[in-house]
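Below is one structure, written out as structure tokens, with a few remarks after it.
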Protein chains: 2
Amino acid sequence: MNNLTKKVSELSKRRGFFFQSSEAYGGVAGFQTFGPEGAELKRNIEESWRNTFSRELGHREIQAPTIMPEPVFKASGHLDGFDDMIIECPECKSSIRADHLVEDNTEIEEAEGFSTEKIAEIIADHDLECSNCETSLTGIEVEDFNLMFETSIGPGNGQPGYLRPETAQGIFVEFPRLKEYARNQLPFGITQIGKAYRNEISPRKGLVRVREFTQAELEHFIDPDEDEPNLDKVQDVELKLYPVDKQGSGEYITKTVEEAVEEDIVHNWVAYYLGIAKKWYKEIGVDMDRFRFRQHQKGERAHYATDCWDAEAEIDGDWIEIAGFAYRGCYDLTKHHEHSREDFTIFKEYDEPVTKEKTVVQPDMGYLGPEYGGKAQKVAKKIGELAQNSPEEFEKEAVNVEVDGEKLEIPTDKCNFEVKEVTESGEHIIPHVVEPSFGVGRTVYTVLAHAYEEDEIDGEERRVLHLSREVSPTEVAVFPLMDKDGLGDKAQEIAAKLREKGFSVKYDDTGNIGKRYRRQDEVGTPVCVTVDYETLEDSPETVTVRDRDSTEQERVEISKLVDYLR
Amino acid sequence: MNNLTKKVSELSKRRGFFFQSSEAYGGVAGFQTFGPEGAELKRNIEESWRNTFSRELGHREIQAPTIMPEPVFKASGHLDGFDDMIIECPECKSSIRADHLVEDNTEIEEAEGFSTEKIAEIIADHDLECSNCETSLTGIEVEDFNLMFETSIGPGNGQPGYLRPETAQGIFVEFPRLKEYARNQLPFGITQIGKAYRNEISPRKGLVRVREFTQAELEHFIDPDEDEPNLDKVQDVELKLYPVDKQGSGEYITKTVEEAVEEDIVHNWVAYYLGIAKKWYKEIGVDMDRFRFRQHQKGERAHYATDCWDAEAEIDGDWIEIAGFAYRGCYDLTKHHEHSREDFTIFKEYDEPVTKEKTVVQPDMGYLGPEYGGKAQKVAKKIGELAQNSPEEFEKEAVNVEVDGEKLEIPTDKCNFEVKEVTESGEHIIPHVVEPSFGVGRTVYTVLAHAYEEDEIDGEERRVLHLSREVSPTEVAVFPLMDKDGLGDKAQEIAAKLREKGFSVKYDDTGNIGKRYRRQDEVGTPVCVTVDYETLEDSPETVTVRDRDSTEQERVEISKLVDYLR
């Protein structure tokens, strides 16, 4: 199986699943086009994801733009921290991803979480060389390289914009409006399927590490004190787990979702989604023998995530991340709450009103307005926060707040600070977020690779994709044995009828039947229906139905064909 | 109806159809997010388009990246010519789209095709002012502003890439591979639904002039000498046409597709697609009284198009372009054939082999290779072209060709030029392209605006969207009168059953029934089903079915509900 990648890529190019884009101009690494078969397969996988992760769970889907303005990514942390480590060869000037260089050439399995200094040290210790020209990289500086694609919005110098590196931010940033659609009630989930972009230092061939890709993400907003996942739904689903303490050993543990939660191996919300994902992957044809859930190492985990697991699929001995399941806590919404003017909280009603002492301020806008102009609202917000967190500050003559990096002093008598006894019917909380995030292209690729087989039929070598009916581009192919004597018309009629009944159908009347079967085998069509001379002779009329996997043929009455196929 | 735009935008924001993106950070003009209702409406419209323009016509859909490398746009002409005219106010520094300034403030209806000089002249003649600060713009230079968003691919200075300004180029550039999937047979059609980007100088509010948008495009590749559209399919469809010679008069002519072709008003291939489009627009709910096809003026037409018509919809007295239908000829494929190394032709077999004199060259690659390195292939190609077009040049000692702007001289004896009598079985032709191109967001907007109505029900004002069932986000809403006494369970059961039967269903048990009806009216749900106390008493069980448009209610047996709804 060592050449599976090569074989899948050859078949994909030849049959129209996917191929390098703009090859007429030499192509650019990291950009792939889905051909007719691949685009259908991809759409089917997306639609299946939508059913499983959005519709059936009662979540709702949105579509946000892919270009977003700079303040969003300042708040989210991407502008400052969404980097990969790069090292430039002093000789051939190749740019190399430094952590990958380390992983590929040392016994270290995961280097992504290391600092640039540590990576430089390891490179020196092992005297690692440029993967292109073999020049020693010892002593060369390892730098951070921001992975976002930048552009400029508007005429002239415009304002900086970035292609989103994850679809998630398009959801987070609209939370103040989305919570209204959910009538301010937790929990609720928002999904999005769309493009995301990362300016990878060294993209790989194929769909695994590309610069433009499709994500399917779910942001499930919950009240961490109240909301529990509906574990009943998935409690018995078995998970093949590769937790941090097993990594390196190659040993897995198998636990049901219920056990994984009870034994504290996986966070309950994460485990819930691992269960749903496991069932889904199986349904769309990922081979469960080449599949696992791997826990993130501490350094590898994003700073906000308290628990994070990847779904990984094995292809040619490599484990490829195809989804991530993160408990992001309140990190994202808190950041946007702090950096923007909007309210990213949910008002949570108490069972009974509660009376307590509370510090309140009513900043004098008649003073703040003229003094701080457009910033006055932000200043007022900061004063409010200060009153809550450090009421003692208001004993002084003036209070200090920081707005947009600027330190401001506001006379205390303009703040109208008071300690009041108040009765509150509830409180504002920032929801927590559970995020299952899927790479659609990588899923397409895994499904293709795991469906690929070479076998021998009647002494002839055959390449076949054992795609599940749920995702295969075509459900039924219809052929006339010959395009004459009325066979063509009859076949067209059957094809039309099947289409009407909701099947995706391909009609093919070129080449000999054997060739047509092979063609359909290679694009994963589960069933072929052939109209031959017997069809017209039989009463009632029959057709030959041929199964892709067994290649067995059966005669079926036309009137019973729809039921037979279902 | 003057405020329709405002009303639709208010409803859209409140109910989750669409709204300005990243408003928490002040937003950026030209970027809109589709909320849960809008995303569903948009997907339904896309799916309906896909059925009509791709599946039913036997065309196939691909998905290409949105970022493409510079050479593609050099070849396509976008790098040099995809400009709008901009004028900068010397006082307030606003950037203003100069042709719009002229259209809005003079009697000129279409200024897009004018030169920058002419626009500057008109501005001076009318002494037009800055629309922001009223400073005179007389004498200020009008400049070209390229509308493509630029970015940089790869680390370091990278290589320039652009966000595609139309999905079409993603199809054209892959033609050499796509023709293989079509087994090198014309005609065939390739479709694509995806994002496109234009850095508009002055985006408008809402979905009409945005910087990031979704296109649904079909590129139908044909042999202009052989292929005829299947006019039978649409011959009787009536088209409301606004040809060039009527423009300004406000008078339309109504012709069937057949008449429009016979009377030479519309190019036959374009007319064919106008017919299909007209039927489709009607089906998805565009109001035919506020719809027309307008022919492009000569100056407005892209340089390659021999005939071009827009579909336009009227909203608040403005006519908005929602689709374009262009006969692009062989322009695009020829450009890519010339600029790239690939073969963008189709080999067209003659009925019988033809014997004729032909000039052939076999350039000496052993000479060209060392001499021109990476360019050798291009040089050879140019020599080949020269031999065909100007065989007399080979009588000289050396021939001259131009490659990538560089003039080269090649000794004739390295070209192996010959005139041979050859028998050919066919010839290479560059296909022509017919392109129906749809703006999906604008279609969504038109469908919403044309579906919007305010009426009065039982003395109460109501806002309602008369969306067609084909595209409405929800087909059926199911309510329990109260969420008690088993009504909720029964309603859930009905909702689940309808979902199983393929209906898109919303379940709602909050607020009084009247409010719930209003909510569904505002998102365009055609039918509401209510489970009440009668339901449990009746035998067989019944529910109340309420029609959105008439607001009439009927009792229907649950067992007959699915058939009733169908």
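Numbers for the structure displayed
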{"item": "Residues of the range A:476-526 satisfying the condition of being among the acidic types (Asp, Glu) and modelled with pLDDT under 95", "result": "A:ASP483, A:ASP485, A:ASP489, A:GLU493, A:GLU500, A:ASP508, A:ASP509"}
{"item": "Subset of the range A:504-516 that is touching a Ser or Thr at 6+ places or on another chain (Cβ under 8 Å) and closer than 28 Å to A:ILE45 by Cβ - its residue that is least open to solvent (accessible area, probe 1.4 Å)", "result": "A:ARG516"}
{"item": "Hey, B:PHE19 crowded, with 23+ Cβ neighbours inside 10 Å and in the same structural domain as B:ARG211 (by TED's automatic domain parsing) or not", "result": "no"}
{"item": "All positions within the range A:1-26 that are more than 8 Å from chain B (Cβ to nearest Cβ), of a type outside the set (D, E, K, R) and within 15 Å of A:LEU207 (Cα to Cα)", "result": "A:LEU4, A:THR5, A:VAL8, A:SER9, A:LEU11, A:SER12, A:PHE17, A:PHE18, A:GLN20"}
{"item": "Test: residue in the range A:179-188 that is more than 9 Å from chain B (Cβ to nearest Cβ), of a type outside the set (Phe, Trp, Tyr) and within 19 Å of the chain's Cα centre (by Cα)", "result": "no"}
{"item": "Residue count, the range A:315-333 (criterion: within 14 Å of chain B (Cβ to nearest Cβ) and closer than 22 Å to A:LYS298 by Cα)", "result": "1"}
{"item": "In the range A:438-458, residue nearest to A:ALA313 (Cα to Cα) [restricted to those that are among the hydroxyl-bearing types (Ser, Thr, Tyr) and in a helix (DSSP H, G or I)]", "result": "A:THR446"}
{"item": "A:VAL529 of a type in the set (A, V, I, L, M, F, W, C), in contact with a Lys or Arg (Cβ under 6 Å, 6 or more places away or on another chain) and surrounded by 16 or more Cβ atoms within 10 Å (Cβ to Cβ)", "result": "no"}
{"item": "From A:SER95, A:SER76, residue being within 9 Å of another protein chain (Cβ to nearest Cβ) and either under 30 Å from B:LEU41 (Cβ atoms) or not acidic (Asp, Glu) (or both)", "result": "A:SER95"}
{"item": "Answer residue from the range B:35-48, given it is open to solvent by 10 Å² or more (accessible area, probe 1.4 Å) and under 18 Å from the mean Cα position of the chain (by Cα) and is farthest from the other protein chains (Cβ to nearest Cβ) among those", "result": "B:ASN44"}
{"item": "Within the range B:216-316, strands (runs of 3 or more DSSP E) holding 1 or more residues that are open to solvent by 50 Å² or more (accessible area, probe 1.4 Å) and under 30 Å from B:SER9 (Cβ atoms)", "result": "B:238-242"}
{"item": "Qualifying positions in the range B:444-473 - surrounded by fewer than 22 Cβ atoms within 10 Å (Cβ to Cβ), in contact (Cβ under 8 Å) with a residue 60 or more places away in the chain and either assigned by TED's automatic domain parsing to the domain that holds B:VAL545 or closer than 21 Å to A:ARG55 by Cα (or both)", "result": "B:GLU470"}
{"item": "Condition met for A:SER202 (within 14 Å of another protein chain (Cβ to nearest Cβ), part of a loop (DSSP other than H, G, I, E, B) and surrounded by fewer than 23 Cβ atoms within 10 Å (Cβ to Cβ))", "result": "yes"}
{"item": "B:LYS382 farther than 21 Å from B:ASP332 by Cα, open to solvent by 60 Å² or more (accessible area, probe 1.4 Å) and in contact with a strand residue (DSSP E or B) (Cβ under 7 Å, 6 or more places away or on another chain)", "result": "no"}
{"item": "Residues within the range B:491-503 that are under 17 Å from A:ASN51 (Cβ atoms) and open to solvent by 40 Å² or more (accessible area, probe 1.4 Å), tallied", "result": "6"}
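The values are calculated or read from the model by the stated rules, or taken from the named source; none is laboratory data. All values derive from a computational prediction rather than experimental measurement. Backbone-built Cβ (ideal geometry, glycine too); neighbour counts: all protein chains shown. Keep in mind that these areas ignore ligands, DNA and RNA; they rest on the heavy atoms of the full protein, side chains included. Shrake-Rupley method; radii C 1.70, N 1.55, O 1.52, S 1.80 Å.
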